[in-house]
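Structure first, then comments.
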Amino acid sequence: MKLDSHQHFWSYDAAQYPWIPPGSPLHRDWLPDDLAPLLAAPGLDGCIAVQARQTVEESRWLLTLADHAPIIRGVVGWVDLRSERVEEQLAELAPHAKFRGVRHVVQDEPDDRFMLSADFLRGIGKLKAFGLTYDILIFPKQLPAAIELVRRFPEQPFVLDHIAKPAIKDGTLEPWAAQIRELAKAPNVMCKISGMVTEAKHGAWRAEDFRPYLDVVFECFGVERLMFGSDWPVCLLSGSYPEVVGLVHDYASHLDAVQQATLFGGNAARFYGLA
């Protein structure tokens, strides 16, 4: 199974998606029919649809899309992990075969240690019983909290989104690189090679801009804990779908066929428990 491990869908509404820049390529509906030909061109079989707004309603909507779009192999939705009713929300969504994980937009939380609050930790502690993964969406300043989080839950599967969004446009490596190496010591953590082009100079990046960051994640996670993700359509702010696929494909061209298959789908299928 060849998979794009990270992309988004939405029916655009300004009130529901205030983070979308007006007049940008994101300022419209993006739905499965838009993605299907993009997946087919490089031979990808399907995708993991990831939440883009923090409502249980959106999680339900993504599952409805998945019911009608075979390309959606799994959904990473949102529940209120801080709520005392989180088990009720999980019990509603988890029985759906394609509901595979949960994410919170931690990068937007003002407290860098948000993930270590008692209510959030309580919610994370509920996921394993439902067989669910957790996607970590953070900026580098929140990596210390992420390191502590994954150590507290050694049996919980985690995946780091967008390699933690380092400042690629500035060429800054530290302390991101040291903290990524520390995070990768936890065997229950994987990493998505996704979201890189939006952290680079929009419209002016070169493939070599990403090599130092890819070198770090390949060194410390190894091919067996990495998965390709496009972050489409958000990637369109800085690069096309073929360009995003090409960046990772070209970097990984030295890998053998088995390793490439794990990077472009096998690891995602294993992590999200896809048949």
Note to self: Quick check on packing: order 20-31, 190-201, 93-104 by the mean number of other C-beta atoms within 10 Å, highest mean leading.
What the structure shows: 190-201, 93-104, 20-31
Next item on the list: Measure of size requested: the Rg and Dmax of the chain, with Cα atoms as the atom set and Å as the unit; please supply both.
Entry: 17.3, 49
Check: Considering only Cα-Cα distances, which of the following residue pairs are longer than 25 Å: Lys2/Lys169; Lys165/Lys201; Lys98/Lys201?
Finding: Lys2/Lys169; Lys98/Lys201
Next item on the list: Assuming R0 = 30 Å, can you tell me the calculated FRET efficiency for the pair Asp108 and Asp29, based on Cβ-Cβ distance, to the nearest 0.05?
Entry: 0.85
Item checked: Beta bridges per DSSP with both ends in region 3-271, % antiparallel, nearest 5 -> 5 percent
Next item on the list: Sort 213-222, 9-18 for me by packing, meaning the mean count of neighbouring Cβ atoms within 10 Å per residue, highest on top.
Entry: 213-222, 9-18
Notebook entry, point to check: By average Cβ neighbour count within 10 Å, what is the ranking of 235-242, 108-115, 260-267 from highest down?
Noted result: 260-267, 235-242, 108-115
Margin query: Can you show me the helix-derived [θ] at 222 nm for the chain, built from DSSP H runs with n ≥ 4 at -39,500 (n - 2.57) apiece and divided by the number of residues, rounded to the nearest 500.
Written below: -9000 deg cm²/dmol
Note to self: Relative contact order for region 3-271: what percent, with Cα pairs under 8 Å and sequence separation of 6 or more?
What the structure shows: 18 percent
Checklist line | Top positive-direction residue, dipole computed over the chain with Cβ charges, set Ala164, Leu121, Ala204 | finding: Leu121
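The numbers here are math on the coordinates, done by the rules we state, and not lab data. This one's a predicted model, so the numbers in the text were calculated from it and none came from an experiment. Positions of Cβ are backbone-derived with ideal geometry, glycine not excepted, and every protein chain shown enters the neighbour counts.
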